[in-house]
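A short worksheet on the structure shown next.
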Amino acid sequence: KTAPTDGWSASIPTKTEAGTYYVWYKAKGDENHLDSAVAGPVTVTVSKKAVTVTANDQTVKEGGAIATGADNVKLDGAAEGHKLADVKLASSSTAAATTEGEITPSDAVIKDADGTDVTGNYEITYVKGKLTVTSEQKEPDQQDEGSIKTDAHVDEKAPETKVENLTPELAKSLLTEI
C-alpha cells in the first residue's frame, strides 16, 4: 500500500463498516519541531458481528402456506438499533403444506435505525424452525348406501331430506326440476 500524499487529518479515523482499513500516520511539527516521517500503514480490521436468525415454529392446516416475512423470525446478537427488515422463509414441504418438516430462513436484510442496509457487517447463522401440519378432518356423512343427503335452502331452518332407493335417473330428474 502507498501512503496518501494529502487528506491528512488531526482526527483519529473511525469506521463502523466491516472491512480492512490501512492507516498511515505522522506527527505534525511546530515552530520548534519538524514533522515526523510518514509511518504505517497500520492495518485495522473491523470484523463482522455474529448474529443468529431463527425461524419461528409454525403450525398450518394441510394444504395451507407458512407465514412469511421478518415478523416470523427472531434476530439475536445485532447491534443496538439494528433490526431485521426482510428475510425469506421456505418450507421443506411443498408450497401447500402436506407433511411436517422444517422452515428454513435465508437472505436476511438487516437495517440500522436510519434504514441503511448494514447486512454486510454481519456473519449470519440461520436456524430452522419446526413445521407442524394439521389435517382438517371432516365428519363422515351419516347416510345409507343408495341415498343422498340434500338440503333445501329455503331458509336457515330448512329440513334435511333423505331419499331412499335413489336411482341415477330419479336423481337427475329431481335435480333438473330445481
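Table for the structure above
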quantity: Qualifying positions in segment 105-118 - surrounded by fewer than 19 Cβ atoms within 10 Å (Cβ to Cβ) and within 16 Å of Asp76 (Cα to Cα); calculated: Ser106, Asp107, Val109, Lys111, Asp112
quantity: Criterion (within 15 Å of the chain's Cα centre (by Cα), surrounded by 11 or more Cβ atoms within 10 Å (Cβ to Cβ), closer than 20 Å to Ile124 by Cβ and at pLDDT 95 or above) met by exactly one of Lys88, Lys49; calculated: Lys88
quantity: Subset of segment 24-45 (residues that are open to solvent by less than 40 Å² (accessible area, probe 1.4 Å) and either in contact with a strand residue (DSSP E or B) (Cβ under 6 Å, 6 or more places away or on another chain) or among the hydroxyl-bearing types (Ser, Thr, Tyr) (or both)); calculated: Ala39
quantity: Selection status of Ser9, of a type in the set (S, T, N, Q), open to solvent by less than 50 Å² (accessible area, probe 1.4 Å) and free of Cβ contacts under 8 Å to residues at least 60 places away in the same chain; calculated: no
quantity: Strands (runs of 3 or more DSSP E) within segment 26-74 that include 2 or more residues farther than 30 Å from Ser9 by Cα and of a type in the set (Ser, Thr, Tyr); calculated: 49-55
quantity: Complete set of residues in segment 68-82 that are free of Cβ contacts under 8 Å to residues at least 12 places away in the same chain and more than 8 Å from the chain's Cα centre (by Cα); calculated: Glu80
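The values are calculated or read from the model by the stated rules, or taken from the named source; none is laboratory data. Keep in mind it's a predicted model, so treat the numbers as computed, not measured. So basically every Cβ, Gly included, is an ideal-geometry build from the backbone, and we count neighbours across all protein chains shown. All accessible areas refer to the heavy atoms of the entire protein, side chains included, with ligands and DNA or RNA removed. Shrake-Rupley method; radii C 1.70, N 1.55, O 1.52, S 1.80 Å.
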